[in-house]
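Heads up, the thing below is written out as structure tokens.
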Amino acid sequence: MSAGGVAINAGTASSTAARRLRTQVAIVGAGPCGLLLAELLHRRGVASIVLEKHTREHVLSRIRAGVLEQTTVDVLRGAGLAGRLDREGLPHDGMHIVWARRESFFIDAARHTGKRFTTYGQTQIQQDLFAAADRRGAQVITEAGEVKLLGFEGDRPRVEFIQGGVAHTLDCDFIAGCDGFHGVSRASLPAGVLREFEKIYPFGWLGVLSETPPLADIVYANHPRGFALASARNPMLARYYIQVPLDTRLEDWPDDRFWQELKARYPREMADAIVTGPSIEKSIAPLRSYVAEPMRHGRLFLAGDAAHVVPPTGAKGLNLAVSDAFYLARALAAWFNDGSSALIDGYSETALRRVWASVRVSWYLTTLLHRFPGASAFDQKAQEYELEYLRSSPHAQAALAEQYAGLDFEGE
Ligand code: FAS
Ligand code: PHB
């Protein structure tokens, strides 16, 4: 994609002379957080340039999240980005939990909260966001290498990068670090600035995408063989996961073995309803909980996975990227349009309240639904009682539903 206004594409630089660019907000990362932030800022009259280290094709090749909170759908709708989502997304009233080969129970989020969540792939959201950027000639510079964040402790921040063999400097008023867990933004903060909180889980998720009809609902399974999850992308695209040891190798999991193991973790009638087929994507994701505080330092803001990562059990990662983009766009627009710094001064604390709520519920569901290597008999009994309590208590189910369906934004 050419950057609107400045034709910068890999290998098409017309000269080797260093280039100087200027915008209001430099956004590092063209994942869902960065691209959505650019769209939300644009709708509030704030200019940005997005710098992405990979090609668009690489970004779109990643298969990740699939469950959107009502608040996420509302943000996308409000920004005019939900046309295809409204056509193709699958709304759900709630999700099922099965355990110990017992009957499943249903957490009815719609009944408890009045909110529904929607299954719609992160890949599709990325496609929709790139299309919106194309429509308005947005400046999204891909294959931006050696990105360096500078001057953000003063009032003249800038981002240096190499693109097409040419050195560029992007002058800006603010930098939004939306470059994910392994990005450069969080790493650019001076030592001693961040307080970091982390928990690594002793297992991963082996995920499969198959062009088969999914189960009608999302079903989480706690089984003595391990956790399993059945989800969807559309009426002919199913997404499944099974808990695997950390040292699992993808080459040891041909499709037949995956389907056999997945079915073994569900009650018979549910297993028989799972339609198998060739995997069109298969990957292993590690599970961790991580939060970096604060999410702002000078004129650098962190948003999305650059600031926090959650185990996917709570389906919160993508939704947190959206809520950070929503809060940050609102805060930066107030600074540029009204000269008010109250919201940017409060961004980190506001965003972190929603982050920690999602981090906690993701940790809770991960602890509740997975089999932990080395768990004591006591740990196992406590887990089973927690499941029994959740199954039998409408209050416990309402509390989980409130978190799973997504908390309201503050100040809305
Ligand atoms: P992203 O990581 O999506 O995007 C960051 C972007 O910044 C990337 O495009 C990257 O190329 C770019 N970048 C990195 N370094 C850069 C640099 N130095 N310069 C310029 N650009 C740079 N969440 C769920 O809810 N459910 C799931 O099932 C689920 N599965 C996941 C599986 C995997 C393997 C991973 C890694 C995550 C998964 N997640 C899931 C979480 C995921 O959806 C994230 O929460 C979401 O992608 C966060 O979006 P961003 O913050 O935009 O970060
Ligand atoms: C998904 O559809 O990819 C999905 C659903 C629920 C989760 C995690 C991932 O908790």
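Annotations for the structure displayed:
- Per residue accessible area of the chain, 1.4 Å probe, in Å²: 41
- Across the range 192-300, counting alpha-carbon atoms alone, Rg and Dmax equal 17.3, 56 Å.
- Each 10 Å bin from 0 upward holds the following percent of the Cα-Cα pairs of the chain: 5, 22, 31, 24, 13, 4, 0.
- Calculated translational diffusion coefficient of the range 173-234 (20 °C, 1.002 mPa s; Stokes-Einstein with Kirkwood radius over alpha-carbon pairs) equals 132 µm²/s.
- Peptides 263-270, 74-81 ordered by packing proxy, namely the average of other Cβ atoms within 10 Å per residue, highest first: 74-81, 263-270.
- Listed pairs Lys53/Lys316; Lys199/Lys381; Lys53/Lys148 exceeding 19 Å between Cα atoms: Lys53/Lys316; Lys199/Lys381
- Rg/Rg_globular for the range 247-357, with Rg_globular taken as 2.2 N^0.38 Å and Rg from C-alpha atoms: 1.57
- Charge tally in the Cβ shell below 15 Å around Leu300, where Lys, Arg are +1 and Asp, Glu are -1, Leu300 excluded: -3
- Other residues with beta-carbon under 14 Å from the beta-carbon of Phe227 carry, at +1 per Lys or Arg and -1 per Asp or Glu, a net charge of +2.
- Accessible surface of the range 200-349 [probe 1.4 Å, protein heavy atoms]: carbon and sulfur percent: 53
- The aspartates and glutamates whose alpha-carbon is closer than 13 Å to the alpha-carbon of Lys115, local same-chain residues fewer than 8 away aside, are Glu69, Asp74, Asp93, Glu402, Asp408.
- Spin-label pair Asp255/Met236, simplified geometry with 7 Å Cα→Cβ offset, distance in nm: 1.6
- At 0.890 mPa s and 25 °C, Stokes D of the range 141-198 from Kirkwood alpha-carbon radius, µm² per second: 195
- Centre-to-centre separation between the Cα atoms of the range 323-396 and those of the range 217-289: 25 Å.
- Charge context of Ala187, other residues only, Cβ under 11 angstrom, K/R +1, D/E -1: +1
- Relative contact order of the chain, defined on C-alpha pairs under 8 angstrom at six or more residues apart (%): 21
- Cysteines without a disulfide-compatible neighbour (Cβ-Cβ under 4.7 Å), the chain: Cys172
The values are calculated or read from the model by the stated rules, or taken from the named source; none is laboratory data. Just so you know, these numbers come straight off a predicted model, no measurement behind them. Glycine also receives a Cβ, built like all others from the backbone with ideal geometry; neighbour counts cover every protein chain displayed. All accessible areas refer to the heavy atoms of the entire protein, side chains included, with ligands and DNA or RNA removed. Shrake-Rupley method; radii C 1.70, N 1.55, O 1.52, S 1.80 Å.
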